[in-house]
Amino acid sequence: IKGTFIVIFCLGFFTISVQALLFRDFLSMYDGTELAVGFFFFSWFFWVGAGALIGKIIKTSSPFLLNHFELAILIYIPAYVLEDFIIHNARSLCGITPHELFPLFKIIPFALLALAPISLLSGIFFTIACKWMNHLNKTTIGAQQSVEQHLNKTTIGAQQTVEQHLNKTTIGAQQTVE
């Protein structure tokens with residue numbers, strides 16, 4: 001269970017760190033305008049929500065992902081590299097010169113596409129992480145119940161043996177006294 005907590009903590013920490021770095025890059029690319037900030041957060045939350053819906057569908061149909069969740073989240077690394085590349089090269093990809101203001105009609109679709117990889121994966125993986133933790137807890141609880149049942153049977157057997165021995169000793173002592 002401790003390993004599970006560490007995986008989930010690292011997943012959340014990495015996601016927040018990456019989003020902070022991408023936000024900084026996004027602001028510098030779009031000259032820090034209020035509209036750029038709004039589109040960043042809109043796109044971020046839109047893709048996280050879409051990812052959560054996709055994760056809901058995936059978690060019910062993919063036991064493979066539950067069994068290999070720790071490895072699956074490593075896809076964040078190439079997704080971050082891709083997203084960082086897209087944001088840093090936004091001007092050249094959209095055909096805008098370095099000192100020209102980024103037009104609003106180009107910010108909107110580009111923000112939606114540029115922020116998709118990490119945000120989409122965040123929604124997917126956090127939804128699947130809930131199912132994964134539930135899956136691991138059921139496995140742990142099953143093993144724990146098996147150990148408890150064994151200990152209870154052993155304790156009850158030992159208790160019955162002690163009671164029988166005490167009863168025999170008590171009956172023998174009563175017969176000796178009489």
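The values are calculated or read from the model by the stated rules, or taken from the named source; none is laboratory data. Note that the structure is predicted; figures quoted are calculated from it, not measured. Using ideal geometry, Cβ is built from the backbone for each residue, glycine included, and neighbour counts are taken over all protein chains shown. Side chains included, ligands, DNA and RNA excluded: accessible areas come from the protein's heavy atoms. Shrake-Rupley method; radii C 1.70, N 1.55, O 1.52, S 1.80 Å.
Distance between the pseudo-spin-label points of I16 and S92 (7 Å out from Cα toward the beta carbon): 3.5 nm.
Computing the accessible area with a 1.4 Å probe over protein heavy atoms, can you report the carbon and sulfur percentage for segment 59-104? Its accessible area is 71 percent carbon and sulfur atoms. Using alpha carbons only, the radius of gyration of segment 75-118 set against its Kirkwood radius gives Rg/Rh = 1.02. Each principal axis of the Cα atoms in segment 14-96 has its own extent, and those three values, largest first, are 45, 24, 21 angstrom.
L115 sits among other residues whose Cβ lies under 12 Å from its own Cβ, and their net charge, with Lys and Arg +1 and Asp and Glu -1, is -3.
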